[in-house]
1. Output the helices (runs of 4 or more DSSP H) that fall wholly within the stretch 5-111 and possess 1 or more residues being among the aliphatic types (A, V, I, L, M) and either on the phi > 0 side of the Ramachandran plot or loosely packed, with under 12 Cβ neighbours inside 10 Å (or both), or say none.
2. Looking only at residues that are among the small types (Gly, Ala, Ser), within 16 Å of the ligand (Cβ to nearest atom) and at pLDDT 95 or above in the stretch 74-106, which one is farthest from Gly144 (Cα to Cα)?
3. Scan the stretch 354-377 and report the pairs whose first residue is without any contact (Cβ under 8 Å) to a residue 40 or more places away in the chain and of a type outside the set (Asp, Glu) and whose second residue is outside any loop (DSSP other than H, G, I, E, B) and surrounded by fewer than 21 Cβ atoms within 10 Å (Cβ to Cβ), with Cβ atoms within less than 7 Å and a gap of 6+ or a chain change.
4. Being at pLDDT 95 or above and either farther than 18 Å from Ala98 by Cβ or buried (at least 23 other Cβ atoms within 10 Å of the Cβ) (or both) is the filter here; which residues of the stretch 307-318 pass it?
5. Give the residue, chosen from Leu132, Leu109, Leu71, Leu128, that is among the aliphatic types (A, V, I, L, M) and more than 12 Å from the ligand (Cβ to nearest atom).
6. Report, ordered by the first and then the second residue, all pairs with beta carbons closer than 8 Å, sequence separation of six or more or different chains, a first member in the stretch 105-130 that is free of Cβ contacts under 8 Å to residues at least 12 places away in the same chain, and a second member that is loosely packed, with under 15 Cβ neighbours inside 10 Å.
7. Can we say Ser154 is within 12 Å of the ligand (Cβ to nearest atom), of a type outside the set (Phe, Trp, Tyr) and crowded, with 21+ Cβ neighbours inside 10 Å?
8. Could you tell me which residue of the stretch 378-416 is nearest to the chain's Cα centre (by Cα), considering only residues that are farther than 18 Å from Val269 by Cβ and of a type in the set (A, V, I, L, M)?
Amino acid sequence: MIDTLQEVKSILKKYNQEHLLNGYQDLDERKKNELLKQILNTDFELINSLYLNRTKEKSYKNDKIEPMEYLDKYKLNEKYKYYEDIGKHAIKNGKLAAVTMAGGQGTRLGHNGPKGTYDIGLNSHKSLFELLSDSLKEEGKKYGVTIPWFIMTSRENNKETLNFFEKNKYFGYQKDKNIFFFVQGELPMIDTEGKILIGEDGLIKQAADGHGGIYESLVKSNMIEKMRELGIEWVFIGGVDNCLVKMVDPVLMGIAIDKGVTVACKSIVKANPHEKVGVFCRRNGKPSVIEYSEITNEMAEAVDEDGELLYGESHILCNLFNIEAIERMGKTPLPYHSAFKKAKFIDKDGNLVEPESPNAYKFEAFLFDAFGEVDDMAILRVKREEEFAPVKNSDKEKVDCPSTARELYEKFHNLK
Ligand code: UTP
């Protein structure tokens, strides 16, 4: 331990982060060990470069951006059944699993607890997790299978999520048999001087590393291995906060298999040319998502000969991956994007500071930044009213909030 402490001290000195041991003496043995372990596991070079580049987003000026081809689910005509049959065959043979990303902080919603435990106010008062489990179970029944369900949590909400599932008897699923939980990666938060923050527990303050952390987490947590044992080849990855997410879609799967691509994504057409959403495109020939902040007015408004927006297919975090694509993406480091957030911390005198305005940087990888790893992917346009009811904001915002999601859910399920 003395040797370890010395090693830690010299690392901290090298990276100018010696304050991390300010409260060390007051910690109990377990926490002392934990803090030392955290420090030894921290990639300080990465943290330095994240700090130096915190306000620089990558420049895309020289990228060649082109529209991405897509299929419209409701204009497939006789091909609909053709793709559907291929997908049904694979699903019946147990080739599909679902992953729900539930590691986010849900700051905009402001719910006290994991977002998946949120009740959007339906008469049934079902939580988002239960609505998702209902849909998975119902779809599985159609094909005579139980779709294995993998749930990504973060260190911050893992315990509460597990307790919630346990209390609800895993909604009929069986833990470690057909429902699995894994914890995503995280990165330290830093202040405006580049100093890593110490949290209320005396340890390094870390935050989940974004939904782009999904690939690496699936690999590192051995979930991919588990999927292989179960005979899974295809994995639908979606968010916890879309209560209409259709995780089992034979048409999407049939298209991926038939076209020989390892990724197939769903899109919905933009509500208007300037809706603030990321849209699919080709970037230097590879599949990609162009953010609304990157797109010019001219591109946003451009239409094809049928009057359809050239860049109109929004990415809604509804994506199907072949296991091999996930493994490849899990090995490729993704860029991190910074967000300036409010974060409580312990200052150098040992006092808890509760800031009223943002004070710290958090770093997140985005799932779609990995799309360029594959040569090609299929895009399937689906209907917003059938598959997209996001719960992002509180009701105050009146958009993508519990009341709008509830309305869409009730309409789709004929509940009113
Ligand atoms: P969002 O990007 O909307 O973030 O996540 P959020 O955490 O839910 O909400 P805000 O931004 O703090 O208000 C989209 C999906 O990705 C998951 C979320 O749980 C949600 O299902 N996610 C996001 C993770 O699993 N981990 C992350 O680190 C970030």
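1. In the stretch 5-111, 29-40, 44-52 are the helices (runs of 4 or more DSSP H) which contain 1 or more residues that are among the aliphatic types (A, V, I, L, M) and either on the phi > 0 side of the Ramachandran plot or loosely packed, with under 12 Cβ neighbours inside 10 Å (or both).
2. Gly103
3. As it stands, the answer is Pro358/Phe340; Pro358/Lys341, since those pairs meet every condition given.
4. Scanning the stretch 307-318 gives Leu309, Leu310, Tyr311, Gly312, Glu313, Ser314, His315, Cys318.
5. Exactly one residue qualifies, and that residue is Leu71.
6. Listed pairs, sorted by first residue: Asp119/His125.
7. Here the answer is yes, as Ser154 does meet what is asked.
8. Top of the filtered list is Val391.
The values are calculated or read from the model by the stated rules, or taken from the named source; none is laboratory data. These numbers come from a predicted model, not from an experiment. Every residue, glycine among them, receives a Cβ derived from its backbone with ideal geometry; neighbour counts consider all protein chains shown.
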